[in-house]
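What follows is a short report on a single structure.
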Amino acid sequence: MNMHKIAFLCSRKVPASVILKCYDWAIGQREAGNCVISGFHSQIERDVYHYLEKGTQPIIIAMARGIPEILPAKLKKTIEDGRILIISPFEKNVTKVTIETSKKRNKMMIKIADTVVVGFASPEGVLTNILIGIDKNITYL
């Protein structure tokens, strides 16, 4: 948690022109060894995780629900390598991801990150509203 952290957020629906930018960004972060924090919830965020997991840098997964006792098998290798930190602002009994839990998770990520990168934010979407008034360096891909 003491190293520089880059939060990556992206709306669920993205224009095709943004997809490759997000992939290239993820590969660049992996090659630079940068720690990325994300919910890895939207399809693009999951794709970014796919590129990041192939590296050796730390990754922080921020959950929009409580941390389950049994973690997904796809995380096994990165957990064994000690590269994953899983965090959540919720207790275990919060088991459903909702718009409200996603908002709270995203606000937490932005708060603890040093830098915020947005793959795409739908103009009228929830993410755009969360980013209004944020006093951090925000980069839009």
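The values are calculated or read from the model by the stated rules, or taken from the named source; none is laboratory data. Note that the coordinates shown come from a computational prediction; the quantities given were computed from them, not determined experimentally. All Cβ positions, even for glycine, are placed from backbone atoms using ideal geometry, and neighbour counts span all protein chains on display.
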Where residue 101 falls short, out of the listed (1) surrounded by 15 or more Cβ atoms within 10 Å (Cβ to Cβ); (2) at pLDDT 90 or above; (3) touching a strand residue (DSSP E or B) at 6+ places or on another chain (Cβ under 9 Å) = (3)
Flagged in region 117-141 as assigned to a strand (DSSP E or B) and of a type in the set (A, V, I, L, M), in numbering order, are 117, 118, 138
Could you tell me which numbered condition residue 64 fails, if it satisfies all but one of (1) within 21 Å of residue 138 (Cα to Cα); (2) among the small types (Gly, Ala, Ser); (3) in contact (Cβ under 8 Å) with a residue 24 or more places away in the chain; (4) out of contact with any strand residue (DSSP E or B) (no Cβ under 7 Å at 6 or more places or on another chain)?
-> (1)
By residue number, the members of region 104-124 that are more than 24 Å from residue 29 (Cα to Cα) and surrounded by 14 or more Cβ atoms within 10 Å (Cβ to Cβ) are 104
With respect to residue 32, determine if the residue is under 16 Å from residue 3 (Cβ atoms) and either aliphatic (A, V, I, L, M) or surrounded by fewer than 17 Cβ atoms within 10 Å (Cβ to Cβ) (or both).
-> yes
Name the residues in region 82-103 that are under 17 Å from residue 12 (Cα atoms), charged (D, E, K, R) and more than 13 Å from the chain's Cα centre (by Cα), would you?
-> 100
Do you know which of the residues in region 2-28 that are over 17 Å from residue 120 (Cα atoms) and in contact with a strand residue (DSSP E or B) (Cβ under 7 Å, 6 or more places away or on another chain) is surrounded by the most Cβ atoms within 10 Å (Cβ to Cβ)?
-> 5
